[in-house]
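I have placed the structure first, in the form of structure tokens, so that the comments after it can refer back to it.
Just so it is clear, none of the values below were taken in a lab; they were calculated from the coordinates. Remember, predicted model here, so these are calculated numbers, not experimental data. Note: ideal-geometry Cβ built from the backbone for every residue, glycine included; neighbour counts use all protein chains shown.
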Amino acid sequence: MTGETPLVRFENIQKSYDGETLVVKDFNLDVAPGEFVTMLGPSGSGKTTCLMMLAGFEPATQGEIYLKGKVINNVPPYKRGIGMVFQNYALFPHMTVAENLAFPLEVRKVPKAEREERVKKALDMVQLGAFGGRRPMQLSGGQQQRVAVARSLIFDPDLVLMDEPLGALDKNLREQMQYEIKHLHEQLGLTVVYVTHDQTEALTMSNRIAVFEDGIVQQCAAPADLYEKPQNAFVANFIGENNRLMGKVTAINGDRVDVLSDNGDVLVATKINVDAVGDRTTVSLRPERVFVNPEASSVDNLFSARVEELIYHGDHIRTRFTVCGHDDFIVKVPNSAANSLLQHGNTVPIGWKMEDCLALDA
Amino acid sequence: MTTANPSIDQTDTLPLKQKLAKTTAIQRRRAFLLTVPLVLFLLISFVFPIGQMLFNSIHNDKVSGVVPKFAVAIQSWDGQGLPSEEIFEIFVKDLAIAKKVREVGRTAGNMATRINYELPGSRSLFTKSARKVGKITEGPYKEALIKIDKKWANPQVWLTLQRASHDLGPSFYVAAMDMKYNEAGEIVKADELYQIYLQNFIKTMWLAALITFICVLLAYPVAYLLAILPLRQSNLLMIMVLLPFWTSLLVRTTAWIAILQTEGVINDLLVYFGVIGEDGRIQMIYNQTGTIIAMVHILLPFMVLPLYSVMKTIQPSYMRAALSMGSKPFNAYRRVYFPLTIPGLAAGTLLVFILAIGYYITPALVGGQDGLLISNLIAYHIQKSLNWSLGAALGTMLLVVVLIFYWLYNRLIGIDKLKFG
């Protein structure tokens with residue numbers, strides 16, 4: 001990160017609801033102005049709690065939260081000036097769309113004329129110019145979503161929080177909205193902290209993703225790094241599809257790790273998260289980085305594998321192999337003439353490079 | 001219209017409809033049969049009695065049933081002076097027959113009661129005359145009757161009889177609205193002494209409104225707590241709200257007597273702590289105060305429950321959204337939370353007000369004299385004075401008042417928006 005003050009800083013944040021268990025164990029995160037940071041994790045991992053602490057709806061049990069360099073732990077939510085989009089949109093059902101949008105301006109005592117102008121502008125921004133007079137209930141899910149986003153932006157907050165805002169939409173709409181939010185972020189230069197459990201959503205939209213599990217950030221990195229260089233087995237498994245081979249470290253040589261798999265095969269992998277010879281390790285590799293019938297010289301690992309299942313996906317054939325003692329090894333085989341000969345029960349050579357194959361914690 | 005598809009031919013549509021009707025007929029019949037017990041129950045216990053009440057309030061045959069021929073004949077009288085000798089003769093003969101037959105509900109006494117409603121103090125005129133009328137065997141009947149009692153020379157008696165001879169008439173509504181017919185047969189205000197019903201109606205509505213208002217004040221915070229507390233605490237609180245609900249009305253009301261009476265718990269405590277002197281004990285029961293306290297207690301759950309059911313559905317994110325947009329808590333509450341509770345508030349208010357306006361048992365037990373409501377007067381006329389028609393007229397007016405409020409509510413809030421639970 002550059003040397004400028006982060007817009008948001010979480011410092012050693014802990015949170016407990018019952019005084020017995022910590023929901024958030026030790027959370028540290030800096031968000032730079034203009035950044036789109038996603039907190040990603042399974043439900044119950046503490047990500048929403050962190051967002052609620054930032055919004056001011058939950059007090060942190062320990063640690064400091066800074067906004068623009070100032071501790072805001074004791075600042076009530078209505079003084080924080082943070083825009084928020086809620087999971088269920090939280091559009092006020094008894095107000096029209098325009099009244100909903102005008103609400104944050106009204107409480108800020110913005111004059112009526114300016115208010116109307118800004119509402120109109122906000123409605124145009126989300127392509128709902130003609131819907132100002134409607135009630136939220138009369139809008140479709142996607143339209144409600146747009147209104148909720150517009151409402152969170154209308155008072156020009158420094159920071160916008162989004163709590164699984166696309167969870168209630170169907171797949172197509174969700175993808176479309178992902179792009180719209182991403183474009184808004186880019187056009188308006190917003191700083192966004194986004195919470196989701198959907199990794200595709202996180203990968204599509206974010207500058208950085210903090211992967212949560214069990215109250216701890218497992219890894220916080222740019223989407224590509226997260227996918228290519230997961231720091232541990234949880235992240236590798238949570239982000240994208242992933243093949244896991246279990247084994248024991250037999251030699252460490254710089255970046256290169258030799259692994260003896262549980263059924264006796266020897267693999268070479270890149271050292272990421274193993275300490276010493278003799279450690280148990282999870283070797284992780286992506287299904288699209290495995291080659292069928294490779295030239296022996298182009299790969300570092302070469303095994304013969306038995307085809308267990310072929311699932312036709314159009315552009316690729318999802319193939320399940322048995323290799324190194326695991327029968328759930330998935331390979332995305334490109335749908336080409338050469339590969340059309342694969343048949344259930346065949347044994348074929350498959351291989352992959354050392355740098356695509358990561359030795360992680362067990 | 002020509003069509004390529006022969007199956008959608010005009011000739012085919014009818015059989016299709018019939019086929020559909022046939023296949024659904026059994027289901028519809030079965031569904032209807034399931035509702036039959038309830039429909040019958042409602043007919044017998046609700047529609048019929050209310051119809052009966054409406055009918056009773058405008059129908060009374062206590063004159064035409066006793067003196068049927070006279071009831072027809074008197075209609076030809078123009079109301080000037082006294083009726084003709086001929087009409088007197090018919091009256092005397094009718095009365096003599098009634099006296100002789102003594103059919104239950106059709107005695108001279110029944111007629112006397114009926115006329116007495118409108119001409120207070122005239123009861124004895126009828127009973128006395130009925131006893132002596134058998135002795136009049138020949139005319140002139142007019143003089144003979146006036147000889148028995150000279151009140152028969154008063155045209156007012158005959159005007160009232162003429163009016164009451166109509167089985168159908170508004171005379172009980174006239175009475176129920178504190179009015180009466182004057183000598184000229186015009187409707188005028190009743191004497192001050194007899195003006196009790198309108199005043200009581202107004203008092204009933206005022207008390208019902210006050211009780212409803214107190215219920216809102218007490219129930220709103222409780223319902224809010226119920227809605228936001230964790231399940232375990234809210235369940236406990238809910239039981240405390242419902243407990244009085246499960247206790248007999250009579251037990252609760254008598255408990256209030258024990259607490260509020262001049263020798264009761266509260267007064268004893270106040271005296272004990274020296275807040276009031278022994279001779280300064282406060283009268284809190286057998287008056288309006290007692291009625292208000294006991295009725296608020298009894299009707300409170302009817303306010304809490306609809307409010308609670310609405311508040312339960314208000315997601316906390318609404319308030320959070322308002323706060324995140326910069327609204328102070330009170331303003332967020334006023335602009336967002338409160339408007340969302342209006343359906344429940346409206347339902348509770350309507351429910352409590354309508355129940356309060358027709359409440360009977362509690363005011364009867366703890367209301368004393370000035371805590372009596374209109375329903376107590378209705379009960380009085382049905383049970384004690386046996387003036388059913390007047391009771392029915394008052395009951396009908398009460399029903400109309402309730403319907404007016406219902407209509408008003410529908411206009412202001414919309415009945416479809418009400419949420420009872």
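In whole percents, the pair-distance distribution calculated for segment B:197-417 from its alpha-carbon pairs, binned every 10 Å from zero, is 8, 26, 30, 22, 12, 3, 0.
With the cut-off at 32 Å, report for segment A:8-233 the share of all Cα pairs above it, as a whole percent. It would help to have the intermediate numbers written out before the result.
Working: 4738 of 25425 pairs.
Beyond 32 Å sits 19 percent of the P(r) for segment A:8-233.
Peptide B:310-320 has a mean of 3 when you count, residue by residue, the C-beta atoms of other protein chains within 10 Å of its C-beta.
Computed over segment A:177-295, relative contact order equals 17 percent, with contacts defined as Cα pairs under 8 Å that lie 6+ residues apart.
For A:GLU35, the residues 5 or more places off, or on other chains, whose built amide H falls under 5 Å of its own are A:VAL192.
For chain B, list log₁₀ I(q)/I(0) at each q in 0.09, 0.11, 0.14 Å⁻¹, using the Debye formula over Cα point scatterers of equal strength and ignoring solvent, two decimals each. One equal scatterer on each Cα of chain B leads to -0.82, -0.99, -1.23.
Ranked by the mean number of other Cβ atoms within 10 Å of their residues, highest first, the peptides A:208-217, A:240-249, A:194-203 fall in the order A:208-217, A:194-203, A:240-249. Ordered by the count of other Cβ atoms within 10 Å of each Cβ, fewest first, A:MET84, A:MET354, A:MET52 give A:MET354, A:MET52, A:MET84. Here B:LEU161, B:LEU249, A:LEU342 are placed in order of increasing Cβ neighbour count within 10 Å, fewest first, which gives B:LEU249, A:LEU342, B:LEU161.
Over segment B:1-130, the fraction of Cα-Cα pairs per 5 Å bin, rounded to whole percents and listed from the shortest bin up, is 2, 9, 10, 11, 10, 7, 5, 5, 5, 5, 5, 5, 5, 5, 4, 3, 2, 1, 0. Global size of segment A:22-69: 11.0, 31 Å for Rg and Dmax (C-alpha atoms, Rg to one decimal, Dmax whole).
Taking the square roots of 5 times each eigenvalue of the Cα gyration tensor of segment B:123-266, largest first, gives ellipsoid semi-axes of 60, 19, 14 Å. The share of alpha-carbon pairs in the protein assembly as shown lying farther apart than 54 Å comes to 47%. Peptide A:77-84 is shielded by partner chain Cβ atoms: per residue, an average of 5 of them sit within 10 Å of its Cβ.
Step through the table entries A:LYS79/A:LYS182; A:LYS271/A:LYS332; B:LYS99/B:LYS135; A:LYS120/A:LYS171, compare each Cα-Cα distance with 22 Å, and write down the pairs that go over it. Working shown, then result.
On the way: A:LYS79/A:LYS182 27 Å; A:LYS271/A:LYS332 24 Å; B:LYS99/B:LYS135 12 Å; A:LYS120/A:LYS171 29 Å.
Checking Cα-Cα distances, A:LYS79/A:LYS182; A:LYS271/A:LYS332; A:LYS120/A:LYS171 exceed 22 Å.
Taking every residue in B:334-340 and counting other chain Cβ atoms within 10 Å of its Cβ, the average works out to 3.
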